[in-house]
Amino acid sequence: MKTIGFIGGMSWESSLEYYRIANETVKRLRGGFASCRSLMYSVDFAEVEKLQHAADWEALCGLMADAARRLQKGGADLIVLCTNTMHLCSGAITHAVSIPFLHIGEATGKRITAQRLKTVGLLGTKFTMEKDFYSRKLLEDHGIQTLIPDPDQRDAVHRIIYEELVKGIIRETSKEVFREVISDLVERGAEGVVLGCTEIPLLISQNDVSVPVFDTTRIHAEEAVYLALGEP
């Protein structure tokens, strides 16, 4: 098994899920005492959050590239960035290392394509919803169109992520907000919904939604294991 290098800490709550899912997947596939061979470099999210809202993406790309280099030097065979938003820095990561980088949009697009869906709703931070790094990946590589919530809804989703979910706060009222946002996206033509922030699955699951839900945390962690094990 190859060694997976996780760039974590954004937030640590979702990074914990990556570690759990990766190990559960290896155990399911290999059985017995098998577990995931991995490394994790965890950043300080306080620094990352400050730079995000200051729009200092150059500094953020530097942080992500440094984390990737540390993992490669530590023995990682592939890199997994445990966050959707910071895939804005995917180019900096791929240029910083010589080992494969598994893009979360690629892993998610593969799962959406398997269900033959052509239009999905995209939820995440305002950075993920409003910038095109994620939607462009889905469209150009998989032919998948994305819909995003209206401005007020985007504000609400972003606030819940940063004020609640990244702090491990789960509220039923916030779940209802997400349900309403998803319902509106479905009415506009979304055939499925991408939970494009690795904290959103802490709040929303398939049981809460009538259309297919794409849990990017689980998808990304599972696809990393498949790659590490050489599984199709």
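The values are calculated or read from the model by the stated rules, or taken from the named source; none is laboratory data. Small disclaimer: the values here were computed from a predicted structure and weren't measured. Glycine also receives a Cβ, built like all others from the backbone with ideal geometry; neighbour counts cover every protein chain displayed.
I need every pair where a residue in the range 112-134 that is over 25 Å from A55 (Cα atoms) has its Cβ under 7 Å from the Cβ of a residue that is charged (D, E, K, R) and surrounded by fewer than 23 Cβ atoms within 10 Å (Cβ to Cβ), sequence separation at least 6 or different chains.
Going by the 7 Å Cβ cut-off, the qualifying pairs are L117/E191; K118/E191; T119/E191; V120/E191.
Scanning the range 191-217 for residues that are among the charged types (D, E, K, R) and not in a strand (DSSP E or B), which turns out surrounded by the fewest Cβ atoms within 10 Å (Cβ to Cβ)?
For the range 191-217, the residue satisfying everything is D208.
Look at E223 and say whether it is closer than 20 Å to S14 by Cβ, of a type in the set (D, E, K, R) and modelled with pLDDT of 95 or more.
Considered against the rule, which asks whether it is closer than 20 Å to S14 by Cβ, of a type in the set (D, E, K, R) and modelled with pLDDT of 95 or more, E223 comes out as yes.
Search the range 68-96 for residues that are part of a helix (DSSP H, G or I) and pair each with any residue that is charged (D, E, K, R) and at pLDDT below 95 when their beta-carbon atoms are under 8 Å apart and the residues are at least 6 apart or on different chains.
As it stands, the answer is L88/K131, since those pairs meet every condition given.
Quick check on this structure: which one of S210, S135, S205 is over 18 Å from the mean Cα position of the chain (by Cα), hydroxyl-bearing (S, T, Y) and not assigned by TED's automatic domain parsing to the domain that holds L16? Quick ask: steps written out before the conclusion?
On the way: S135 fails: over 18 Å from the mean Cα position of the chain (by Cα); S205 fails: over 18 Å from the mean Cα position of the chain (by Cα).
Every option except S210 fails the conditions.
What are the residues in the range 98-116 that are in a loop (DSSP other than H, G, I, E, B) and either within 14 Å of the chain's Cα centre (by Cα) or buried (at least 20 other Cβ atoms within 10 Å of the Cβ) (or both), if any?
Once the filter is applied, which keeps residues that are in a loop (DSSP other than H, G, I, E, B) and either within 14 Å of the chain's Cα centre (by Cα) or buried (at least 20 other Cβ atoms within 10 Å of the Cβ) (or both), the range 98-116 yields L102, H103.
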